[in-house]
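Quick notes on the structure that follows.
The values are calculated or read from the model by the stated rules, or taken from the named source; none is laboratory data. What you see is a predicted model, and the numbers here were worked out from it, not measured in a lab. Cβ placement follows ideal geometry from the backbone for every residue including glycine, while neighbour counts extend to all protein chains displayed. We work out accessible area using only protein heavy atoms, side chains counted, and drop any ligands, DNA or RNA first. Shrake-Rupley method; radii C 1.70, N 1.55, O 1.52, S 1.80 Å.
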Amino acid sequence: MKYRNLILTTLLAGSLATVGFVSISHAGPQCGDRHGMHGQHTGYVEGHRDPLQRLMRHVDLTDAQQSEIKAILDTSRTDTKNLSQQLRDSRKAMYNLVTGTNYNPERVRDLADEQAKLNAELTVARIDTMHRTLQVLTPEQQAEFAKLREQRMTRKKAWLEDHKSD
């Protein structure tokens, strides 16, 4: 069970990271201007920790490709907004059951099933977005992307092995 959750979490994180790096790359120079509450920096300045800018350096997206990817991501964001809200609402309902006085195991099971279905829909949407985004790349860019992804996965696997807690 522990490894299953780790694998699912890794797959979800990888999907999110891929969609995230694509969504940030098309934003242009304003990425460096992102600040959190009270003017604190949120992490993306001058390409540091910005996966899409790293991809652009290695894959060299054209302006047309960046525009097409932006359109794909905007559509995906709109399509998944409702699913994400439903998932947040379901999680809130689960939390209320856990902390409230009206605990009902059957309702927990129903909410867990609902969350699993919503997570599955979101995963399908993320993978679809990733697929459509990769189709914008030329075969050479796709090969370079695959090579970079494999390198990242190798590093991640090594890190997981080093930090495995049995």
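In terms of the Cα gyration tensor, with a ≥ b ≥ c the square roots of its eigenvalues, is the range 99-163 rounded because a/c is under 1.5, prolate because a/b exceeds b/c, or oblate?
oblate
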I want to check the label-to-label distance for T75 and K164. Put each point 7 Å from Cα in the C-beta direction and report it in nm to one decimal.
4.2
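Run the accessible area of the range 103-166 with a 1.4 Å probe and give the carbon-and-sulfur part as a rounded percent. Working shown, then result.
On the way: 2500 of 4620 Å².
Carbon plus sulfur share of accessible area: 54 percent.
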Here the net charge surrounding T62, from other residues whose Cβ is less than 13 Å away from its Cβ (Lys, Arg +1; Asp, Glu -1), is -3
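At a Förster distance of 25 Å, what's the computed FRET efficiency of A64 paired with K92, Cβ-Cβ distance as r, to 0.05?
The pair A64/K92 has a calculated efficiency of 0.05.
Report the local net charge at A125: Lys and Arg +1, Asp and Glu -1, summed over other residues whose C-beta lies under 12 Å from its C-beta. Present the calculation step by step, with values, prior to reporting the outcome.
On the way: positive: R77, K81, R126, R132; negative: D79, E121, D128.
Local charge sum for A125: +1.
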Working out 0.36 nm times the residue gap between Q135 and E106, then minus their Cα-Cα distance, what length gain in nm do you get to one decimal?
6.1 nm
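Ignoring ligands, DNA and RNA, what accessible area per residue does the range 113-166 give at 1.4 Å, in Å²? Let's see the in-between values first.
Numbers: 3860 Å² over 54 residues.
Ligands and nucleic acids excluded, the figure is 72 Å² per residue.
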